[in-house]
Every structure is written in structure tokens, then in C-alpha cells.
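To start, the structure under review is shown below, and the notes come after it.
Bear in mind these aren't lab numbers, they're just calculated from the coordinates by the rules spelled out. Since we're looking at a predicted model, the values are computed, not measured.
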Amino acid sequence: MNWRGIIESGALAGLKPSEVWELELWEYNVYIGFLQEQRKRDAANAILTGYYAAYYTNGGKKAKNPNELIKKLYAKKQNFEDGLRDIERLKEFEKKKSGE
């Protein structure tokens, strides 16, 4: 992730650019993690809304079960190694930023 991606992700989480750079890495990760969970909940609600609209519009016929789609939203978890790689990339970026 480049510096622009970091700022954009922070903005989506409701942070100003100056606030992003003042945060510790763990604080930033908490904000971004919450944003990702919020997006999953919003997507799950959209899937359920579509399901119920199809169910009641068609009288219960041909409405696909939403559970499989919702399970897919929550299936992928970041593993420990990916997290370490992300941390190392951010540390390298911070070194480059402070060296400018």
C-alpha cells in the first residue's frame, strides 16, 4: 500500500490526513479493521434486503438463500504472515517518509 492508499483508507474511516500520520500503527489498524467490518455488515444487510424483496415479490419462489453469500463475506481472514508483511511495508514507508 502506498501513502495515497493509506490516506484514502484513513479518509474512509473518517480520519483527516494529519490524524492518520499522528496515529500509532495499531490505532490505524483498529480504524481500518472497523471500516472493513462495517462494510461487511452493510453488504450483508444489502444481501438480506435483496433476498426479502425477491421472496415477497415472487411469493417465496426462486428466492436464493442469502446465507452462502454472507458466509463468503466473512470467510477470508488475514493470516499472521500477511499481517507481518503489511507491518514491514508500512515501516519501510515511514522510513522513506521521514528521510525525505
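Its Kirkwood hydrodynamic radius, worked out from the mean inverse distance over all distinct Cα pairs, puts the range 3-99 at 16.1 Å.
Cross-linked pairs 40/97; 16/96; 16/71; 40/64: Cα-Cα separations exceed 23 Å for 40/97; 16/71.
Net length available on complete extension from residue 56 to residue 43 is 2.7 nm, with 0.36 nm assigned per residue and the Cα-Cα distance removed. Considering only alpha-carbon pairs that sit under 8 angstrom and 6 or more positions apart, the relative contact order computed for the range 3-99 is 19 percent.
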